[in-house]
Amino acid sequence: MRCILVGVKTKNRSDKELKQSLSELEGLVEALNGVALGKIYQKRDIPDPATFIGKGKAKQLKEISEGVKADTLIFDVELSPIQITNIEKITDVQVIDRTDLILSIFSERAKTKQAKLQVELATLQHQLPRVYGQKGKALSRIGGGMKTKGAGEKLGEIKARRIKERISKIKKELEQIKKQRKQQRKWRNKDQSVLKVALVGYTNAGKSSLLHRLTKRETFISDQLFATLDTKTSYIMFPDVDKKVVITDTVGFVKDMPEEIMEAFMATLEEVEEADLILHVVDISDENWLEKLESVEKILRKIKVEDKPSIVVLNKIDKIIPSADLIDHSQEGMMTGNKESIIISTEKGWNVDKLMEKLKEFAVNLSPIGYN
């Protein structure tokens, strides 16, 4: 995929936010082994109903695409079906938006049955309005009277019905998996010697690496956005205090994650709701780490787990300083607004032993939550 990234600066979006969003979009492209040939942005307070960016800008994109031999235009905004169609007609290249891109990554990375079903559900829910031709209006309602439906409308209705049937079937399958997982958690919660820990964090913060470092479990690790999607669970034993820590990794978050994806991956968030302790992993080497920390905490507030005990794990310090001796532990709480925090390097193993001690302390002192 050879693409051009298109950003739009609206009145509610600062230059910094636009730059950060386009940078993240480039990371998403790289996660699909694509190449971003360039970034273009336009200032626009009111989106053009037909093309979002205006016909003149669309024609400019056509010239640029031909010049650099781009095959895809990726917009960092959500486009309506008619806008995608119109831009493609003008530019003669494929047009996708941010949600399309994320769903493509999810589709490629999903491995377990549950993850595959969740990705398929999110994709179908995103596609459904496009089958109608415009959001919120079924083709059967266009025209409103007899003899107004053409062959294309009927085909669209057939396709929409099949998508709805498949969505219904997937939801039933996921509900069954949810019940099975609930039963598994029920048995796990009966063991009062088990501390349940959930790993959360922005995508590519190093959660999978930390899971491997803490539990010695083999897991796929890559320096890419959304390198892993499936929920993974492993454990640590503390035989000297007769305690066991069960750690569950969850899918990484991105800012303004599309609603379809949030809904599809609620199963991974259930692990957070059931947890006794949350480890919020943050890539401290990222210049925008504070904003990303807040993005994740916003989601945690949304699912009402912000009051759970938590530790902010400030990861990847080795990318900032050359030695563990230079870590200033007095800054940990100050950096995160006096939250329980620890600076570590999963890659180098710096302070992982101290994090283990914290987990052991929680396992000894924290009473596991009851099962409802």
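The values are calculated or read from the model by the stated rules, or taken from the named source; none is laboratory data. Model, not experiment: these values are computed from the prediction. Here Cβ is always computed from backbone atoms with ideal geometry, including for glycine, and neighbour counts include all displayed protein chains.
Here are the numbers for the structure shown:
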item	result
Residues that are of a type in the set (Gly, Ala, Ser), outside any strand (DSSP E or B), touching a helix residue (DSSP H, G or I) at 6+ places or on another chain (Cβ under 7 Å) and closer than 18 Å to ILE102 by Cα, drawn from segment 16-64	ALA31
Conditions (1) in a helix (DSSP H, G or I); (2) in contact with an Asp or Glu (Cβ under 8 Å, 6 or more places away or on another chain); (3) within 28 Å of ILE170 (Cβ to Cβ); number of the one not met by ILE82	(2)
The lone exception for THR228 - which of (1) surrounded by fewer than 20 Cβ atoms within 10 Å (Cβ to Cβ); (2) modelled with pLDDT under 90; (3) of a type in the set (Val, Ile, Thr) it fails	(1)
Residue within segment 295-307 that is hydroxyl-bearing (Ser, Thr, Tyr), assigned to a helix (DSSP H, G or I) and surrounded by 15 or more Cβ atoms within 10 Å (Cβ to Cβ) present	yes
Pair list, Cβ < 9 Å and 6+ apart or interchain, from segment 325-345 residues that are β-branched (Val, Ile, Thr) and modelled with pLDDT of 90 or more to residues that are surrounded by fewer than 12 Cβ atoms within 10 Å (Cβ to Cβ) and assigned to a loop (DSSP other than H, G, I, E, B)	ILE343/ASP328
Segment 28-53 - residue that is closer than 15 Å to LEU73 by Cα and among the small types (Gly, Ala, Ser) and, of those, surrounded by the most Cβ atoms within 10 Å (Cβ to Cβ)	ALA36
From the options ARG109, ARG98, ARG141, residue that is within 25 Å of the chain's Cα centre (by Cα) and modelled with pLDDT under 75	ARG109
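Residue-wise test of (1) under 19 Å from GLY206 (Cα atoms); (2) in contact with a Ser or Thr (Cβ under 7 Å, 6 or more places away or on another chain); (3) among the aromatic types (Phe, Trp, Tyr); (4) outside any loop (DSSP other than H, G, I, E, B).
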| site | (1), (2), (3), (4) |
| --- | --- |
| ASP325 | no, no, no, yes |
| GLN331 | no, no, no, yes |
| MET334 | no, no, no, yes |
| ASN338 | no, no, no, no |
| ASP353 | yes, no, no, yes |
| MET356 | yes, no, no, yes |
| LEU359 | yes, no, no, yes |
